[in-house]
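Q: Take a look at the following structure, please.
The values are calculated or read from the model by the stated rules, or taken from the named source; none is laboratory data. Since the structure is predicted, the reported quantities are computational estimates derived from the model, not experimental observations. Here the Cβ is made from the backbone with ideal geometry for all residues, glycine too, and neighbour counts use every protein chain on show. Please note that ligands, DNA and RNA were not included when accessible areas were found on the heavy atoms of the full protein model with its side chains. Shrake-Rupley method; radii C 1.70, N 1.55, O 1.52, S 1.80 Å.
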Amino acid sequence: MRKIAIASLLCIGLQNIFAQENFTKRDSLHGGLRFERTSYDVLHYDLNIKVNPDERFISGYNEIAFKAVEETNKIQVDLFENMKIDSIIFNSKKLPYKREFDAVFISFENPVLKNSQQKIRVYYSGNPIVAKRAPWDGGFVFSKDQNGKPWIGVAVQGTGASLWYPVKDSQSDEPDNGATIKIAVPNGLMDVSNGRFIGSQDLKNGYTRWDWEVKNPINNYDITANIGDYAHIHDHYKGLDLDYYVLSYNEEIAKKHFEEVKPMMDCFQSKFGNYPFPEDGYKLVETPYLGMEHQSAVAYGNNFKQGYKGSDLSGTGNGLLFDFITIHESGHEWFGNSITSKDVADMWIHESFTCYSETVFLECQFGIEKAMAYVNGLKKNVQNDKPVIGKYGVNNEGSGDMYYKGALMLNTIRSIINEDTKFWKVLLDYSNHFRHQIIETKDAVDFFNAETGMYLTPVFNQYLRYKNIPILQLRKNKKAVEYRWVTDEPDFEMPVEITANHKNFRLNASNKWQSTKFTVKNIKDVTVAQNRFYVEVQKL
């Protein structure tokens, strides 16, 4: 997601609107890690703003508590250039600053000493960008519910949280001690944000402020505001608070529809480990856009339908056995919110695992046959247009194939391991090992290598760093069937399963031609287990 943002939520074939390849200074200021960013570590955000729905205007401040990692006299925070900075306060004094595109370079009169803890408060105001097609275009959504009351949401993943509040707008740093989000809205409306509700206050000016607190580290793009005439449904399941905020007239349908959350929690906790944010609870919040994985306040806009807006992304019928938004966006609590990629170029770490979580849920609920049919049905959505991994340091995500292709890659790795007990253990250990951590591709690949005892680096590389999938070439001679992989990745090795002469064989194929100990009458009679291995087959 970039200037035209694709929400991390959806495995929905919108790959063709990903970022351009001509990067600018603005891109590097947003995506890069220069000293002005790496010299400090964010400890806490205290966001306190007022939202005026009629004027589509926000005003207030964000107080940023931080620790100096290195001695510095200048730091970078970020705020979209269309938003006005009213002042930046440090120790009761105004600080000078310079703006360059969306980057704000703040200068201190005296150096901030290494290991010291400080606070700055950035007062700001303005009309934030309105999303034309939320959540794919980042921005605010100002709408009305069926009763004509304001209904407002925001989704900025990829575009940048600095679209609507001052922040260190990089996935490489999350506030260690969480955040407080205090949002004032017109009386009669409610704001629902991340974490726990800690109170409301009538400001005696026609506005009521709603206060929320997050105990855990949180992605800056996950911090959210949801404003509307909400009804609150509270439930409790196996030690976890479940809270649902829906428009007042949808309360009864939501109570029934969201029962799906309980088997989902059973499934995901058994496969991925305990829910990562019990201190902050779990929420679904009805939104005027389709959805987003906002940590502990998952945005839900699927209109209480099965599938993706009532359709099946896999074309198998099995996608209608669950609510796509509930399952996919909640899967992000483990992959994307708990485990976060350092750079958006590595967003497959979020999306591939989360897209596969749909298959995992189907398998938990309806069995492996339906799950495998579903994940294979997603092949029709893969474009193989460019590498899944984007360009580092310029806020570039790469191909949207990170969803479907990434899920199919994981299913292929499951088949490479060829022992489901071991695969589920690796997946569980992966989720637990990197719980609440910020990682890179190398971290994930190294972990799978170590835990499986297999050298999977070439496999990850081929699926993630090149646009093409592996091609298995087959040919026959009088004595044998010959086979090899054709790949961009050099020295590629990966097992694959074939059926010939009514028997199944597992071939340890490489880039070099190898021979079986059997032949066939016609090479067309050889079939490859493409339901288990996401590969192309060429019969020569």
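Q: At pLDDT 95 or above and surrounded by fewer than 21 Cβ atoms within 10 Å (Cβ to Cβ): does that describe L203?
A: Answer is yes for this residue.
Q: Tell me the residue from A225, A155 that is of a type in the set (G, A, S), touching a Pro at 6+ places or on another chain (Cβ under 6 Å) and within 30 Å of Q306 (Cα to Cα), please.
A: After ruling out the rest, the residue left standing is A155.
Q: Still on this structure, I have one more. Mind counting the residues in the stretch 208-225 that are touching a Phe, Trp or Tyr at 6+ places or on another chain (Cβ under 9 Å) and surrounded by fewer than 24 Cβ atoms within 10 Å (Cβ to Cβ)?
A: Number satisfying all stated conditions: 6.
Q: In addition: Say whether the condition of being within 24 Å of A184 (Cβ to Cβ), open to solvent by 10 Å² or more (accessible area, probe 1.4 Å) and hydroxyl-bearing (S, T, Y) is met by at least one residue in the stretch 97-118.
A: No, because not a single residue in the stretch 97-118 is within 24 Å of A184 (Cβ to Cβ), open to solvent by 10 Å² or more (accessible area, probe 1.4 Å) and hydroxyl-bearing (S, T, Y).
Q: Can you tell me how many residues in the stretch 491-527 are open to solvent by 50 Å² or more (accessible area, probe 1.4 Å) and part of a strand (DSSP E or B)?
A: Qualifying residue count, the stretch 491-527: 9.
Q: Pick out the one residue from K503, K517 that is more than 23 Å from Y455 (Cα to Cα) and modelled with pLDDT under 95.
A: Selected residue: K517, the only one of K503, K517 that is more than 23 Å from Y455 (Cα to Cα) and modelled with pLDDT under 95.
Q: Here is a follow-up. Under 6 Å by Cβ, and 6 or more places apart or on different chains, what pairs join a residue from the stretch 235-255 that is touching a residue at least 40 places away in the same chain (Cβ under 8 Å) with one that is open to solvent by 60 Å² or more (accessible area, probe 1.4 Å)?
A: D243/H234; Y245/H232
Q: Is there a residue in the stretch 344-355 that is of a type in the set (D, E) and in contact (Cβ under 8 Å) with a residue 60 or more places away in the chain?
A: Looking for residues that are of a type in the set (D, E) and in contact (Cβ under 8 Å) with a residue 60 or more places away in the chain, one finds at least one in the stretch 344-355, hence yes.
Q: Which of the residues spanning the stretch 157-200 are assigned to a loop (DSSP other than H, G, I, E, B), within 20 Å of G60 (Cα to Cα) and open to solvent by 40 Å² or more (accessible area, probe 1.4 Å)?
A: Across the stretch 157-200, the qualifying residue is only N187.
Q: Right, another one. Test K50 against the criterion of being part of a strand (DSSP E or B) and either among the basic types (K, R) or at pLDDT below 95 (or both), and give yes or no.
A: yes
Q: What are the pairs, 6+ residues apart or on separate chains, where a residue within the stretch 81-93 that is in contact (Cβ under 8 Å) with a residue 60 or more places away in the chain has its Cβ under 8 Å from a residue that is assigned to a loop (DSSP other than H, G, I, E, B)?
A: From residues that are in contact (Cβ under 8 Å) with a residue 60 or more places away in the chain, the pairs are M83/P128; M83/W164; I85/L79; I85/P166.
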